[in-house]
1. Read through the list (1) more than 34 Å from the chain's Cα centre (by Cα); (2) loosely packed, with under 10 Cβ neighbours inside 10 Å; (3) not hydrophobic (A, V, I, L, M, F, W, C), then give the number of the only condition that N40 fails.
2. Out of the residues in segment 23-54 meeting the condition of being polar (S, T, N, Q) and touching a helix residue (DSSP H, G or I) at 6+ places or on another chain (Cβ under 9 Å), tell me which one is modelled with the lowest pLDDT.
3. Looking at L41, L36, L29 in this structure, which one is closer than 30 Å to T9 by Cβ and without any contact (Cβ under 8 Å) to a residue 12 or more places away in the chain?
4. What is the one condition in (1) of a type in the set (A, V, I, L, M); (2) open to solvent by 60 Å² or more (accessible area, probe 1.4 Å); (3) assigned to a helix (DSSP H, G or I) that A6 does not satisfy?
5. Report, by residue number, each residue of segment 16-37 that is outside any helix (DSSP H, G or I) and open to solvent by 80 Å² or more (accessible area, probe 1.4 Å).
6. Assuming A63 fulfils every condition listed in (1) of a type in the set (A, V, I, L, M, F, W, C); (2) open to solvent by less than 80 Å² (accessible area, probe 1.4 Å); (3) under 20 Å from the mean Cα position of the chain (by Cα) apart from one, which condition is it?
7. Open to solvent by 80 Å² or more (accessible area, probe 1.4 Å) and among the β-branched types (V, I, T): does that describe V13?
8. Residue check: is L73 at pLDDT 85 or above and among the hydrophobic types (A, V, I, L, M, F, W, C)?
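The values are calculated or read from the model by the stated rules, or taken from the named source; none is laboratory data. Small disclaimer: the values here were computed from a predicted structure and weren't measured. Quick reminder, even Gly has a Cβ in these numbers, built from the backbone with ideal geometry, and neighbours come from all protein chains shown. When the accessible area is computed, the model is the full protein with side chains, heavy atoms only, and any ligands, DNA or RNA have been set aside. Shrake-Rupley method; radii C 1.70, N 1.55, O 1.52, S 1.80 Å.
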Amino acid sequence: MSDAIAFDTHRFVKHLTEKGFTEEQAEALAVEQINLLNSNLATKTDVEALRQATKADIEALRADLLKWMFGALIAQGGLIVALIKLL
């Protein structure tokens, strides 16, 4: 499957010329429209890559969070045992 975005420049130029634009103006607008589409729209591949990157980031954060939670739990248990011995 292609990642290209379908844009009918001929229809675009034809429509603009019918509405009063010169052919030169319409062609210039078509070129700019293609540039905008190609630079600002995400393709399915872009979205999938972002989803995979986000998934990896979430898994890394989850592992770090679990590590800190268990560390804090052990430290809290040790503190409780020490306080009970002092009493």
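1. Among (1) more than 34 Å from the chain's Cα centre (by Cα); (2) loosely packed, with under 10 Cβ neighbours inside 10 Å; (3) not hydrophobic (A, V, I, L, M, F, W, C), the lone unmet condition for N40 is (1).
2. Among those residues, the one meeting the criterion is Q33.
3. From the options L41, L36, L29, the qualifying one is L36.
4. Among (1) of a type in the set (A, V, I, L, M); (2) open to solvent by 60 Å² or more (accessible area, probe 1.4 Å); (3) assigned to a helix (DSSP H, G or I), A6 violates only (3).
5. K19, F21
6. Going through (1) of a type in the set (A, V, I, L, M, F, W, C); (2) open to solvent by less than 80 Å² (accessible area, probe 1.4 Å); (3) under 20 Å from the mean Cα position of the chain (by Cα) one by one, A63 breaks only (3).
7. It is false that V13 is open to solvent by 80 Å² or more (accessible area, probe 1.4 Å) and among the β-branched types (V, I, T).
8. Against the criterion (at pLDDT 85 or above and among the hydrophobic types (A, V, I, L, M, F, W, C)), L73 qualifies.
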